[in-house]
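The values are calculated or read from the model by the stated rules, or taken from the named source; none is laboratory data. A quick note: this is a predicted structure, and the numbers were derived from the prediction, not measured. Glycine also receives a Cβ, built like all others from the backbone with ideal geometry; neighbour counts cover every protein chain displayed.
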């Protein structure tokens with residue numbers, strides 16, 4: 001039976017990834033062959049050098065990062081909040097507690113093995129963007145993973161070691177090999193690439209295009 005693979009690179013602290021995820025789900029809901037689509041999520045770290053939990057004001061951090069004034073940074077954040085609201089997402093970006101996401105990605109790989117990746121990803125998004133949880137804190141990750149259907153003790157054991165570290169690095173290497181510099185980044189049928197949180201209508205068009213064309217074609221193209 002024909003199967004369409006959609007590879008998605010994203011980070012759990014990326015608001016555009018949360019928006020892109022919501023729009024992809026909207027596109028899939030309207031796609032008549034939804035049951036024949038497999039979405040494979042891949043790790044991408046926006047800031048690999050980030051501490052486990054970053055303290056301080058998000059506005060000031062963004063202003064420093066992009067060389068903007070605090071007023072400009074506040075406007076940047078509000079713009080993303082407003083865009084997300086149009087997709088029925090309540091992102092409390094002024095209250096987020098940023099940090100390193102490497103461990104979160106390791107847990108998501110475990111979740112994929114246990115068949116609850118989607119639930120874990122959604123729980124991490126909600127915890128970070130609307131509940132102000134520090135997603136880089138290992139105990140927080142274990143609790144959230146438990147709420148998403150994983151065994152919290154198994155998650156704690158994973159985080160105490162190096163489990164799935166190689167898989168996360170492999171995801172990031174694959175992203176580098178195809179030129180991914182920002183997320184979300186979607187690849188349909190290993191051939192058609194879409195960068196950014198594009199409208200659901202566009203993603204649906206790419207789904208239809210990928211489904212209609214033969215998977216035997218191997219050329220990689222950006223849409």
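I want to confirm something. Restricting to segment 127-140 and keeping residues that are farther than 18 Å from residue 47 by Cα and surrounded by 17 or more Cβ atoms within 10 Å (Cβ to Cβ), which single residue is farthest from the chain's Cα centre (by Cα)? Per the criteria, the residue is 140. Scanning segment 11-50 for residues that are under 19 Å from residue 116 (Cα atoms), exposed (fewer than 15 other Cβ atoms within 10 Å of the Cβ) and in contact with a helix residue (DSSP H, G or I) (Cβ under 7 Å, 6 or more places away or on another chain) yields one hit, 34. The requirement of being crowded, with 22+ Cβ neighbours inside 10 Å, in contact with a helix residue (DSSP H, G or I) (Cβ under 6 Å, 6 or more places away or on another chain) and farther than 18 Å from residue 22 by Cβ is not satisfied by residue 120. Within segment 1-10, being surrounded by 21 or more Cβ atoms within 10 Å (Cβ to Cβ) and either touching a helix residue (DSSP H, G or I) at 6+ places or on another chain (Cβ under 6 Å) or without any contact (Cβ under 8 Å) to a residue 60 or more places away in the chain (or both) holds for 9, 10.
For segment 188-197, the criterion of being closer than 29 Å to residue 57 by Cα and either modelled with pLDDT under 95 or in contact with a helix residue (DSSP H, G or I) (Cβ under 9 Å, 6 or more places away or on another chain) (or both) is met by at least one residue. Restricting attention to segment 51-75, the residues that are buried (at least 17 other Cβ atoms within 10 Å of the Cβ) and either assigned to a strand (DSSP E or B) or in contact (Cβ under 8 Å) with a residue 40 or more places away in the chain (or both) add up to 2. Does any residue of segment 79-90 turn out to be modelled with pLDDT of 95 or more, touching a helix residue (DSSP H, G or I) at 6+ places or on another chain (Cβ under 7 Å) and surrounded by fewer than 13 Cβ atoms within 10 Å (Cβ to Cβ)? So far as segment 79-90 goes, yes, one or more of its residues are modelled with pLDDT of 95 or more, touching a helix residue (DSSP H, G or I) at 6+ places or on another chain (Cβ under 7 Å) and surrounded by fewer than 13 Cβ atoms within 10 Å (Cβ to Cβ).
You will find that of 203, 144, the residue that is crowded, with 20+ Cβ neighbours inside 10 Å, within 18 Å of residue 12 (Cα to Cα) and out of contact with any strand residue (DSSP E or B) (no Cβ under 6 Å at 6 or more places or on another chain) is 144 and no other. Just for segment 161-186: of the residues that are part of a helix (DSSP H, G or I) and in contact with a helix residue (DSSP H, G or I) (Cβ under 8 Å, 6 or more places away or on another chain), which one is surrounded by the fewest Cβ atoms within 10 Å (Cβ to Cβ)? Across segment 161-186, the extreme among qualifying residues is 165. Picking from residues in segment 106-117 that are part of a helix (DSSP H, G or I) and free of Cβ contacts under 8 Å to residues at least 60 places away in the same chain, the one that is nearest to residue 93 (Cα to Cα) is 107.
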